[in-house]
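Notes follow the structure.
The values are calculated or read from the model by the stated rules, or taken from the named source; none is laboratory data. All values reported here derive from a predicted model rather than from experimental measurement. Glycine also receives a Cβ, built like all others from the backbone with ideal geometry; neighbour counts cover every protein chain displayed.
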Amino acid sequence: MNKRDFLRIMGGGVVVAATSGCDIIRPLPNKAIAPWSAAGTVYEDPRKNALSYAILCPNPHNRQPWQVDLSVANEVALYIDPEKQLPHTDPFSRQITIGLGCFLELMSLAAATQGWAVSVTPFPEGYDTSNLLDTRPVAIAKFTRDDTLEPDALFDHVMERRSVKEPYDTEKTVANATLDAIARSGGHGLTIEASNDDSSVQTLRQLTREALSLEIDTPRTYKESVDLFRIGKSEVEANPDGIDFSGRFFEIMGQLGIFTRESALDSTSTSFKQGKESVVSVTDTAMAHLWVVSPANTRLDQLKAGRDWMRIHLAATREGVAMQPLSQALQEYPEMGDHYKQVHELLAPSGGTVQMLARLGYADTVSPSPRWSLESVLARGGKPA
């Protein structure tokens, strides 16, 4: 373990979090990653088969905010688990909605491989964009048998997809042709752009670094991440969501009381400052950036952004490119206002909403993130509470 890695762990902010992704000394607890090996292997119901893949999709802070109801034949009713929202960093549930869009896209891709077409009716009972998501359904998805359906080749890369939060190789550029191939992978009508231009990369490196630093320095938004730390095997297996720190090293550090949620909040310590720098400095290794812009910012736009994001991420995996969302500057809480304005002036000068922003590059592969089992998100006896 080198000095950089040690500092990422030792100081409270070392593990700052949501954004650090430490992949030191794995593997993860077997129970927490079992859904990755179970996907597509144990369910006869085509809906459950598709859902067993959908639960592997990317989502903010790994909150896994979905609940599903299968009480109507050949339908999946998707709801939000209201306890899984992020009121401080995502006060209008925009990012959570994007994660639910990822869920719907991956479910549809998986269903197609078994000859089932999925038609999605988003927010059939309406929606509100001025607050957190409520208990109305996010979507109703109807499964229809279609033996002529051609599976999407992007699905071939589901099991290898990762959000890679480690430093990228700054000696290896991402070619324009590769960026174009990734940006062309969307299918839901949004604007997807990418750039490896040196001036653009330098500007966005600085902007994303500042925004990430601000999120850490804002006590309530940082605490929202720290509250979701899962330290050691027992915590990860008890709650396989949030921000996991598993493996022998974290187990020992937690048992010794050196690394705890309380110590992580001590922003006055030298180790916190060193750890914070180690975390935010990954933004300096971006070799290209990619962003998604919607014409407006309705719930429908947000779901489309998620569906396209799922496709983009699979396309990046296909191309062997690592990708990490850097959504801090896109967040709508007051302290982030200046950065929000700046990123929109830069990436959406003609109007619209920047829904996603990511850094791209090349890096070693990392382990899969923990997941709740499919059974844990299935509604019992109808509509989720």
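Before moving on, here are some points about what is shown:
- Qualifying residue in segment 257-271 (condition: more than 17 Å from the chain's Cα centre (by Cα) and within 29 Å of residue 105 (Cβ to Cβ)): no
- When 363, 315, 379, 348 are screened for being buried (at least 16 other Cβ atoms within 10 Å of the Cβ) and in contact with a Leu (Cβ under 8 Å, 6 or more places away or on another chain), only 315 passes.
- Out of 214, 204, 228, sole residue that is of a type in the set (A, V, I, L, M, F, W, C), crowded, with 21+ Cβ neighbours inside 10 Å and closer than 29 Å to residue 298 by Cβ: 204
- Scanning segment 341-368 for residues that are modelled with pLDDT of 95 or more, small (Gly, Ala, Ser) and in a loop (DSSP other than H, G, I, E, B) yields 348, 350, 351, 352, 363.
- Checking 126, 115, 101 one by one, the residue that is crowded, with 19+ Cβ neighbours inside 10 Å and either at pLDDT 95 or above or polar (S, T, N, Q) (or both) is 101 and no other.
- Among residues of segment 162-187, those that are assigned to a loop (DSSP other than H, G, I, E, B) and within 14 Å of residue 360 (Cβ to Cβ), counted: 14
- Counted residues, segment 57-113 - those being more than 11 Å from the chain's Cα centre (by Cα) and of a type in the set (Lys, Arg): 2
- Selection count, segment 198-237, where residues are hydroxyl-bearing (Ser, Thr, Tyr) and within 20 Å of the chain's Cα centre (by Cα): 5
- Among the residues of segment 319-340, the ones that are part of a helix (DSSP H, G or I) and more than 30 Å from residue 121 (Cβ to Cβ) come to 9 in all.
- Those residues of segment 232-284 which are of a type in the set (Ser, Thr, Tyr), at pLDDT 85 or above and assigned to a loop (DSSP other than H, G, I, E, B), in sequence order: 267, 268
- Hey, residue 16 at pLDDT 95 or above and of a type in the set (Val, Ile, Thr) or not: no
- Selected residue (criterion: surrounded by the most Cβ atoms within 10 Å (Cβ to Cβ)) from residues of segment 261-300 that are hydroxyl-bearing (Ser, Thr, Tyr) and either within 24 Å of residue 359 (Cα to Cα) or in contact with a strand residue (DSSP E or B) (Cβ under 7 Å, 6 or more places away or on another chain) (or both): 278
- Meets criteria (buried (at least 19 other Cβ atoms within 10 Å of the Cβ) and at positive phi) for residue 242: yes
- Test for residue 156: is it surrounded by fewer than 20 Cβ atoms within 10 Å (Cβ to Cβ), part of a helix (DSSP H, G or I) and acidic (Asp, Glu): yes
- Residue 29 being closer than 19 Å to residue 376 by Cβ and either out of contact with any Pro (no Cβ under 6 Å at 6 or more places or on another chain) or modelled with pLDDT under 95 (or both): yes
- Tabulated pairs, segment 335-358, first over 21 Å from residue 216 (Cβ atoms) and without any contact (Cβ under 8 Å) to a residue 40 or more places away in the chain, second part of a strand (DSSP E or B) and of a type in the set (A, V, I, L, M, F, W, C), C-beta under 7 angstrom, 6+ apart or interchain: 344/354
- Test result for residue 54, over 23 Å from residue 357 (Cα atoms), among the small types (Gly, Ala, Ser) and at pLDDT 95 or above: no
- Verdict on residue 217 being in contact (Cβ under 8 Å) with a residue 60 or more places away in the chain and closer than 22 Å to residue 61 by Cβ: no
- If the condition is being part of a helix (DSSP H, G or I) and of a type in the set (Gly, Ala, Ser), then segment 39-57 contributes 50, 52, 54.
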